[in-house]
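The values are calculated or read from the model by the stated rules, or taken from the named source; none is laboratory data. All figures in this text were calculated on a predicted structure; none of them were measured in a lab. Cβ sites come from the backbone with ideal geometry, for glycine too, and all protein chains shown count toward neighbours.
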């Protein structure tokens, strides 16, 4: 990425890359990284095996024990229907993280096809695909997400696609420029010169060398994706109750801030914590990646 | 805990308040001018009210939204006034006669009324309004509908007007009392749909004049100094006491309640149940609440669905829900468990015989399900039959309510899975309803007319035809009871027929009535004279603010 | 104005690509909204059964929905070219009027938020690029936490503490300028938290550059070196964030206007999505694209002002 805005009308920058750049220069201490890593590990365990951490049923109601404060029996208290907030937060990890991860994955997958096609299909294809990316980049991510939800309807699946659509065009531009660099590199020339069939060159050389560097960027995007997913839930368009998604739980708990702060506080902390941890780890990985490529 | 929804929603699941009459329920109060108010009414001052919804279209003749009728009530008067307890009395019409066996209504109009743009109110103005409502170009989504078998309006003399119907139409007087049939200045009716809908050209004869409006923010109302035609039941006559009223549109419940608690507004509507107790605890605030009469919020069981065509399964479903506990925990004492289809406040319709007649009984429910073949259990504890889980499909428009989630949790204990299929796609939801692809539909319909039962149980009122017979009831006996009730002239006879229908519905387990809903408004204690109208919205006419 | 032909050529290319982006955004929106399931007429009248088949047909005709898709598309483009956006399904008014009404509050909010974000970022940068390490550490951690906090949650927290508990600021817009403070902060803080590190990196880089040494050698005070020379250099990478910045402001407006009960484009957008009011959604898309294009042009102009090296390249004689 150049540090000077190009005079063309192409969007001034790929936002993710710029944001990532902004984020990565903090010299991350290994202790912090270790803590973040540990936290993420817990989050991953909660995603894969929620029952290991919280044995209760996240949707079991208990009207008599509603709005109980945090204590020995209910670590994070209970909500307005007497559901255990700890159980719900742990089981909710699955939805919040999955929406973020799946959206990033889907967005990246689409971007790889999109960017590669632009880089390899010749001038006309490149122009059409990149103008389309420009058009989408010209729109706020949240507006795109809202449009997607008009089509898919509310819910976990709709939210995933909505967030993915916001991620894809920026990535597509990065993939394209990366692919152009790789295509002009010596080993691709060599492979073509050796008579390796074109499709095989694409699959064997161009794809891996293009996608590799993206993975780090993806980690950094994951945080933003989780956040956007939660925002959609907050607007009432994402995961629907009683799904214990963090954003949806925040919304439900918001009405009880006066009487039962714990309903909204814990999913909020988990949300911020996860995004924070993902960002710290992602930036650490990126720093390593760059040091490796420099040396 | 329903937020008030638009009628677009209503058409699907929760039909709006057609009309309401009622009394206060449990702890609530519906009038801040009750004894103890002390000081004498004060003229002047202003009041700010926060509400959750904002009308899309402000023309009550066009809009089907509940909120439109509320925000335009201060501006538009009607021919007839319905008092908070449901009595109909003269307003812009000083009297009326019903002729031709109920097919014509002749109104004598007040002669001292002028619109706030200076136009005289007369028979021609009334005709212009009814013509506007029924004109094709108006594309009325609701007002034309409640005119029923309307034929025409004739000006008999300058202050006498006759409205004719093609068949006897009893509900007309009540309809004429709603804001939907409010009388607007004939001059504005030709302004064009966009201006009327934008809310910038609302001119009526009401106690307040529509002033500045900023979409997404607020509308301001100024006092109409010439007002002297209030209905008799109003607490006063002459101009309104408040100089101005401001209605703010605040969609976030937490923000709305926060504004009330920090006294940034004087009153706030659509209070979530959990906040009502908190607001009531605040020594400078009080809660006005009023039960909605009409068909209570209920599960209508689809008797044609594969699951619920078996009456044993229906009965098991009906007896598996611990409504007493659920209503208590969700509504925190602000709602009441229902036993019959019609709320206790519905005139000539409530059937007390049903009270306590079908308490929760999971043992009985279990026995019935065993008999019906649902004997297996899967890993999550749900009952199964031939490997298939006992799942009850419930299409939901928008977001599932806290109450239905609570029911979902409760049914799980009985091994029944309630699948709340939430969707924002109105077409998808109405498609499911039209095709009968559901097991239950949750809905209610506030109304003062017990004939609301016909909407749900007359065999011809299917969802495809625009009715609400979600249970697919097609029983000649039920039809004949309903028709007899409509024709009956004696209230007691009507009540007897409606009671038969309600008892039949419970015995056949085609319905599970759940709770009687309250509309609640949080009000600062220095606001006096604010009262809940028949349709459970606050009336600003008699209100004043102490020491401000 | 040394080389008008180059300038003209530049302006023409810019205009052409600007039109291209707006056209592409409108086309994408048109195509995407075709995929919205269900009958648009049902979205217009609701599913209310009091509307008969005749009336439905009339509505279909009124909105041109009985035309072939390509005709609808061309109509849409034709309207757009004339600055028209069609009629809203729900509000029964021209979309243009609706958006024009709502643009003011959102623009005010966005403008103040931008200024605040830039001001915070600049101040934080200047304060944290000194010798001492710890202010930088504190700033970096704070920035990270703010970036990781969803905007809506930040808004709710600010609202609960400063409006409901302390009563310092009123919630919704009453003409009181204080009502702008919390929504502006909610929008500005996350942006400042992204902007500050970029500025800091640029400034630290600039302080190592020869021109800084020259300026110092000329005897300029350190704060002048920083604010006049180095910061100007550091602004360039920050300018590349402008596109992201604009999108965040518009997207953030949806959340902030809802939480703070403010009027504006974001509020209208959310209501339009809820009501499936497609013409309004299309209008908002067109508006966003235009805003984006204009901001991109302004940013390029700003870059030229900030960096003299770019002037020759573009032929724009600025500053």
Starting from region B:50-62, keep only residues that are outside the structural domain of residue B:74 (by TED's automatic domain parsing), then list their pairs with residues that are at pLDDT 95 or above whose Cβ atoms are within a distance under 6 Å, requiring at least 6 positions of separation or different chains.
none
Determine whether region C:231-240 contains at least one residue that is assigned to a loop (DSSP other than H, G, I, E, B), within 18 Å of residue C:303 (Cα to Cα), out of contact with any strand residue (DSSP E or B) (no Cβ under 8 Å at 6 or more places or on another chain) and at pLDDT below 75.
yes
Inspect all residues belonging to region A:208-221 and state whether any of them is under 30 Å from residue A:61 (Cβ atoms), buried (at least 17 other Cβ atoms within 10 Å of the Cβ) and either within 14 Å of chain B (Cβ to nearest Cβ) or modelled with pLDDT of 80 or more (or both).
no
Let me confirm something: among A:117, A:101, A:110, which residue is within 22 Å of residue A:212 (Cα to Cα), without any contact (Cβ under 8 Å) to a residue 40 or more places away in the chain and either touching a strand residue (DSSP E or B) at 6+ places or on another chain (Cβ under 7 Å) or surrounded by fewer than 24 Cβ atoms within 10 Å (Cβ to Cβ) (or both)?
A:117
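Matching residues to (1) in a helix (DSSP H, G or I); (2) within 8 Å of another protein chain (Cβ to nearest Cβ); (3) surrounded by fewer than 22 Cβ atoms within 10 Å (Cβ to Cβ); (4) in contact (Cβ under 8 Å) with a residue 24 or more places away in the chain:
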site: C:205; (1), (2), (3), (4): yes, no, yes, yes
site: C:214; (1), (2), (3), (4): yes, no, yes, no
site: C:224; (1), (2), (3), (4): yes, no, yes, no
site: C:229; (1), (2), (3), (4): yes, no, yes, no
site: C:274; (1), (2), (3), (4): yes, yes, yes, no
site: C:285; (1), (2), (3), (4): yes, yes, no, yes
site: C:288; (1), (2), (3), (4): yes, yes, no, yes
site: C:292; (1), (2), (3), (4): yes, yes, no, yes
site: C:296; (1), (2), (3), (4): yes, yes, no, yes
Out of B:429, B:330, B:396, I need the residue that is more than 23 Å from residue A:62 (Cβ to Cβ), in contact with a helix residue (DSSP H, G or I) (Cβ under 6 Å, 6 or more places away or on another chain) and assigned by TED's automatic domain parsing to the domain that holds residue B:507. Which one?
B:429
Given the criterion outside any helix (DSSP H, G or I) and more than 14 Å from every other protein chain (Cβ to nearest Cβ), identify the matching residue among B:459, B:454, B:463, B:480.
B:459
Cβ pairs under 7 Å, 6+ apart or interchain, first in region C:160-185 and at negative phi and modelled with pLDDT under 85, second in a loop (DSSP other than H, G, I, E, B) and exposed (fewer than 15 other Cβ atoms within 10 Å of the Cβ), ordered by first then second residue, are C:170/C:176
Taking region A:249-264 as the search range and keeping residues that are free of Cβ contacts under 8 Å to residues at least 60 places away in the same chain and in a helix (DSSP H, G or I), which one is surrounded by the fewest Cβ atoms within 10 Å (Cβ to Cβ)?
A:254
Among the listed residues B:85, B:77, identify the single one that is modelled with pLDDT of 95 or more and out of contact with any strand residue (DSSP E or B) (no Cβ under 9 Å at 6 or more places or on another chain).
B:77
Condition test on residue B:148, is it at positive phi, surrounded by fewer than 18 Cβ atoms within 10 Å (Cβ to Cβ) and away from chain C (no Cβ under 14 Å)?
no
What are the residues in region B:376-399 that are farther than 25 Å from residue B:506 by Cα and assigned to a loop (DSSP other than H, G, I, E, B), if any?
B:378, B:379, B:380, B:381, B:382, B:386, B:387, B:398, B:399
Given region A:84-195, what helices (runs of 4 or more DSSP H) lie entirely inside it while holding 1 or more residues that are within 30 Å of residue C:272 (Cα to Cα), more than 13 Å from every other protein chain (Cβ to nearest Cβ) and under 17 Å from the mean Cα position of the chain (by Cα)?
A:85-120, A:156-183
Within region B:145-172, the residues that are in contact with a strand residue (DSSP E or B) (Cβ under 8 Å, 6 or more places away or on another chain), touching a residue at least 24 places away in the same chain (Cβ under 8 Å) and within 18 Å of residue B:61 (Cβ to Cβ) are B:148, B:153, B:161, B:163, B:172
Going through region C:88-114 in order, the residues found to be free of Cβ contacts under 8 Å to residues at least 12 places away in the same chain and away from every other protein chain (no Cβ under 13 Å) are C:107, C:111
Looking for something part of a loop (DSSP other than H, G, I, E, B), within 17 Å of residue B:513 (Cα to Cα) and in contact (Cβ under 8 Å) with a residue 60 or more places away in the chain - is there at least one such residue anywhere in region B:355-370?
yes
Hey, residue C:146 touching a residue at least 40 places away in the same chain (Cβ under 8 Å), surrounded by fewer than 20 Cβ atoms within 10 Å (Cβ to Cβ) and within 13 Å of chain A (Cβ to nearest Cβ) or not
yes
Test set (1) over 23 Å from residue B:516 (Cα atoms); (2) within 14 Å of chain C (Cβ to nearest Cβ) - residue B:470 fails condition number
(1)
Determine which member of the set A:267, A:199, A:244 is out of contact with any helix residue (DSSP H, G or I) (no Cβ under 9 Å at 6 or more places or on another chain) and modelled with pLDDT of 75 or more.
A:199
Looking at this structure, is residue C:33 surrounded by 14 or more Cβ atoms within 10 Å (Cβ to Cβ), within 14 Å of chain B (Cβ to nearest Cβ), modelled with pLDDT of 75 or more and under 20 Å from residue A:140 (Cβ atoms)?
yes
For residue B:267, indicate whether it is at pLDDT 85 or above and either under 24 Å from the mean Cα position of the chain (by Cα) or in the same structural domain as residue B:150 (by TED's automatic domain parsing) (or both).
yes
Quick check on region C:66-74. Is at least one of its residues touching a residue at least 40 places away in the same chain (Cβ under 8 Å) and not in a helix (DSSP H, G or I)?
no
